[in-house]
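Here is the structure we will look at.
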Amino acid sequence: MGKKVLYSTVGGTDPIANFRDGSMLHICRIYKPDEVYLMMSQEISNHHRHDDRYRYCLNKLAEMINHKFNIHVIEYRDLTDVNMFDPVYECIAKDIESIRNNLNEDDTLYVNVSSGTPAMKYCLQIISAVSDFNIIPIIVSTPTKKMNKHEEDKENYDFKDYWELNEDNDENEFENRAKETTSSVFYALLNKITIKKFILNYNYSAALEIIGILKTDLYNKAIPLIEAAQARVQRNIKKSYKALTDAGFRYPFELTDNRFKVFEYALEIGIKLKHHEYNDFVRSLTPLMTDLYIRTLEKKCSIKLEDYIVSNNKNTTKMIWDDAKICGTDMKEALNNKFGKFHGGIVYNTHLVAIIKDYIYKNHMEKEKFSECISMLSNVEEELRNIAAHTMVAFDKEKIKKITGSYPEEIYNTIMNLMADLNIPVIKRNSYDEMNLILIDAIDKYNENINT
């Protein structure tokens, strides 16, 4: 079994107050640490140098319980702002790190979170919570279970008399007031802000990763919803739809609506853009534009593409032109004009754009909103697709602007405008933000998960 080590800030009720152990002395009485580190501010250090009261009482306790304490005094003579978090944390963190470097894996480190100023106690709670080393915080309640009243004159402190009159030295009067506190809840609450920030930034996997390493079940009710949000951004509708709708979230479209998938895909591209994932943004454009071109043909040109492709095509990932059905049509004429003698084969976006632009020209629709969108987006897609397909280029915002003449945000807004003109309302383009509010609400309801 390893050694036991106590780190304690020293406060106004140490070593003895109101004829009872102060927190530091009480923990030593109960836990019998082998090493005791006493952290002293300037004020406490002055008392120590004046009469050595803290070590005196510890040594008297050692005689009484027949256990030797190896006492280390750490004085911070410049520490006067004891209620300011930053200077206090700097001192305590340095001490804990130094102590840890001299501990073995089977050693136990206790910290006293009852002595000292609120800043000192808070620092020790934080360090205990976030440390990868097992640090056990100990809290000591007052004898009356109320706020301590200081009856002693600390400047004229007769520590020898107080030791003799200490009621905790009497077995009949003694009561164990020390209790180990768990840092898991505290740690979880510290991380709540970070979890919420990840959610608001659509980084659901990071939020789940943090929750996964917390030693608490505070967020159990939120986990299924965050998992559903992660599934949504991965287009796993089967996993996400029921969990989110059961929680009160409403998707922009019903699951059976043929606009559901394309709108969800467009929202996913928007998230890539917000994350500055420009390479993924570029790669995602072609599948989306294929869908929007097909819808444009049907809504604006009265052409149903499915009437002109092979219906029994076994390759479900690619559409194949049906030569017999397209022969003699305005579509075939438009394709011949664009590509010379057109020989059919796989349906490409360039084919669909050629047909749409031919229809726009013949029907004098150049100034219509959808026409302007098609013109801009088809140019963007073609320019970016060629570079992405044939070079190992890393796209960024400025490079996309240089290649296409438009920033990524302008491209995305044009996509939204085209969708709106194709009867895909984009009023719900903030759908992920609405979903995130439901997730945040589940995170904030942690109190319901705490066992009281």
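Scan region 345-355 and give yes if some residue there is β-branched (Val, Ile, Thr), within 34 Å of the chain's Cα centre (by Cα) and either part of a helix (DSSP H, G or I) or modelled with pLDDT under 90 (or both), otherwise no. For region 345-355, residues β-branched (Val, Ile, Thr), within 34 Å of the chain's Cα centre (by Cα) and either part of a helix (DSSP H, G or I) or modelled with pLDDT under 90 (or both): absent.
Go through region 118-145 and give me each residue that's aliphatic (A, V, I, L, M) and either more than 24 Å from the chain's Cα centre (by Cα) or open to solvent by 50 Å² or more (accessible area, probe 1.4 Å) (or both). Passing the criteria: 119, 120, 130, 135, 136, 138, 139, 140.
Among the helices (runs of 4 or more DSSP H) confined to region 1-117, the ones with at least 1 residues that are within 21 Å of residue 181 (Cα to Cα) and open to solvent by less than 30 Å² (accessible area, probe 1.4 Å) are located at 23-31, 85-100. Name the pairs whose Cβ atoms lie under 6 Å apart, with the first residue in region 321-341 and without any contact (Cβ under 8 Å) to a residue 24 or more places away in the chain and within 14 Å of residue 307 (Cα to Cα), the second open to solvent by 50 Å² or more (accessible area, probe 1.4 Å) and assigned to a helix (DSSP H, G or I), and 6 or more positions between them or separate chains? Final answer for the pair search is 322/308; 325/308; 326/308. The helices (runs of 4 or more DSSP H) located wholly in region 165-273 that include 1 or more residues which are within 16 Å of the chain's Cα centre (by Cα) occupy 184-200, 204-213, 223-233.
Within region 399-427, the set of residues being open to solvent by 10 Å² or more (accessible area, probe 1.4 Å) and over 23 Å from residue 278 (Cα atoms) comprises 420, 421, 423, 425, 427. Filtering 359, 348 for residues that are out of contact with any strand residue (DSSP E or B) (no Cβ under 8 Å at 6 or more places or on another chain), in contact (Cβ under 8 Å) with a residue 40 or more places away in the chain and either open to solvent by 20 Å² or more (accessible area, probe 1.4 Å) or over 21 Å from residue 288 (Cα atoms) (or both) leaves a single hit, 359. In region 207-227, which residues are more than 14 Å from residue 443 (Cβ to Cβ) and either touching a residue at least 12 places away in the same chain (Cβ under 8 Å) or among the small types (Gly, Ala, Ser) (or both)? Hits for region 207-227 are 212, 215.
Listed here are the residues, each with its yes/no results for (1) within 30 Å of residue 411 (Cβ to Cβ); (2) of a type in the set (Asp, Glu).
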site: 227; (1), (2): no, yes
site: 232; (1), (2): yes, no
site: 238; (1), (2): no, no
site: 243; (1), (2): no, no
site: 260; (1), (2): yes, no
site: 263; (1), (2): yes, no
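Residues considered: 392, 365. Of these, the only one that is part of a loop (DSSP other than H, G, I, E, B), more than 30 Å from residue 248 (Cβ to Cβ) and open to solvent by 70 Å² or more (accessible area, probe 1.4 Å) is 392.
The values are calculated or read from the model by the stated rules, or taken from the named source; none is laboratory data. Source: prediction; values computed, not measured. Don't worry about glycine lacking a Cβ; one is built from the backbone with ideal geometry, like all the others, and counts go over all protein chains shown. Calculation scope for accessible area: heavy atoms of the full protein, side chains included, ligands and nucleic acids excluded. Shrake-Rupley method; radii C 1.70, N 1.55, O 1.52, S 1.80 Å.
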